[in-house]
Amino acid sequence: MKTKYTINQESKSYLANLLATERLEVQYRKTQTASFDVKNRVLTIPIWKKDLSEPVTDLFVSHEVGHALYTPMSLLFKAKKLKINHSIVNVVEDARIEKLIKRKYNGLRQTYIRGYRELIANNFFGTKDKDINEYLLIDRLNIHFKSSHVSSNVKFTDEEMKYVEMMENLETVQDVIKVSKLLQEYC
């Protein structure tokens with residue numbers, strides 16, 4: 001018989017601080033998803049009616065720690081100054097920080113696979129019974145980079161594939177700005 005997993009908030013807070021190598025404020029609130037406040041260094045983990053599983057909790061914690069480690073305020077200021085849509089920057093930056101945190105902590109790869117499998121199975125992204133390939137490019141890119149750890153059935157035109165390749169090669173904040181700007185112009 002499988003025992004029910006309940007988040008040990010204290011241990012997950014310690015995990016977040018250890019991974020981030022700094023003292024973050026970790027909050028648990030009723031919200032739809034996890035988030036990280038770059039300026040105030042606050043990591044928020046959602047409290048849902050249905051308890052989060054350990055893989056999903058660890059995915060959320062490590063993803064947001066990725067922002068703590070790799071997303072500087074200067075990225076947000078620069079994007080705002082260049083009038084790049086925040087949602088576009090967020091999708092592009094998410095792809096970059098997930099790659100970087102898995103590179104830093106290689107053991108997280110399986111956590112991402114299990115966590116995203118569960119989120120997809122529970123329709124977290126709202127894609128159940130929908131044709132993902134009819135979504136806007138930015139939404140397809142988001143789903144592709146979130147699900148490619150598991151398997152992505154998102155299709156891209158030859159022209160769109162250059163954006164997939166650019167996102168696969170993201171390393172720096174400057175890369176994020178450049179790709180986000182190009183995506184905004186294309187969309």
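The values are calculated or read from the model by the stated rules, or taken from the named source; none is laboratory data. These numbers were taken from a predicted model, which means no experiment stands behind them. We place every Cβ from the backbone using ideal geometry, glycine too, and count neighbours over all the protein chains shown. Note: areas computed on protein heavy atoms with side chains; ligands, DNA, RNA excluded. Shrake-Rupley method; radii C 1.70, N 1.55, O 1.52, S 1.80 Å.
Computed quantities for the displayed model
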{"item": "Pairs, first touching a residue at least 24 places away in the same chain (Cβ under 8 Å) and acidic (Asp, Glu) in the range 21-38, second in a loop (DSSP other than H, G, I, E, B) and open to solvent by less than 90 Å² (accessible area, probe 1.4 Å), C-beta under 9 Å, six or more apart", "result": "Glu22/Arg41"}
{"item": "Candidates Lys39, Lys80, Lys104 - the one that is open to solvent by 90 Å² or more (accessible area, probe 1.4 Å) and at pLDDT 95 or above", "result": "Lys104"}
{"item": "Helices (runs of 4 or more DSSP H) lying entirely in the range 110-187 (those with 1 or more residues that are touching a residue at least 60 places away in the same chain (Cβ under 8 Å))", "result": "158-168, 173-186"}
{"item": "Complete set of residues in the range 1-36 that are at pLDDT below 90, in contact with a helix residue (DSSP H, G or I) (Cβ under 7 Å, 6 or more places away or on another chain) and open to solvent by 30 Å² or more (accessible area, probe 1.4 Å)", "result": "Tyr5, Ile7, Leu15"}
{"item": "Leading residue by the ranking (farthest from Arg96 (Cα to Cα)) among those in the range 139-187 that are of a type in the set (Val, Ile, Thr) and open to solvent by 50 Å² or more (accessible area, probe 1.4 Å)", "result": "Thr157"}
{"item": "Residue within the range 114-133 that is of a type in the set (A, V, I, L, M), modelled with pLDDT of 95 or more and either closer than 22 Å to Ser152 by Cα or open to solvent by less than 10 Å² (accessible area, probe 1.4 Å) (or both) present", "result": "no"}
{"item": "Test: residue in the range 52-60 that is loosely packed, with under 12 Cβ neighbours inside 10 Å, within 29 Å of Ile177 (Cβ to Cβ) and either basic (Lys, Arg) or touching a residue at least 40 places away in the same chain (Cβ under 8 Å) (or both)", "result": "no"}
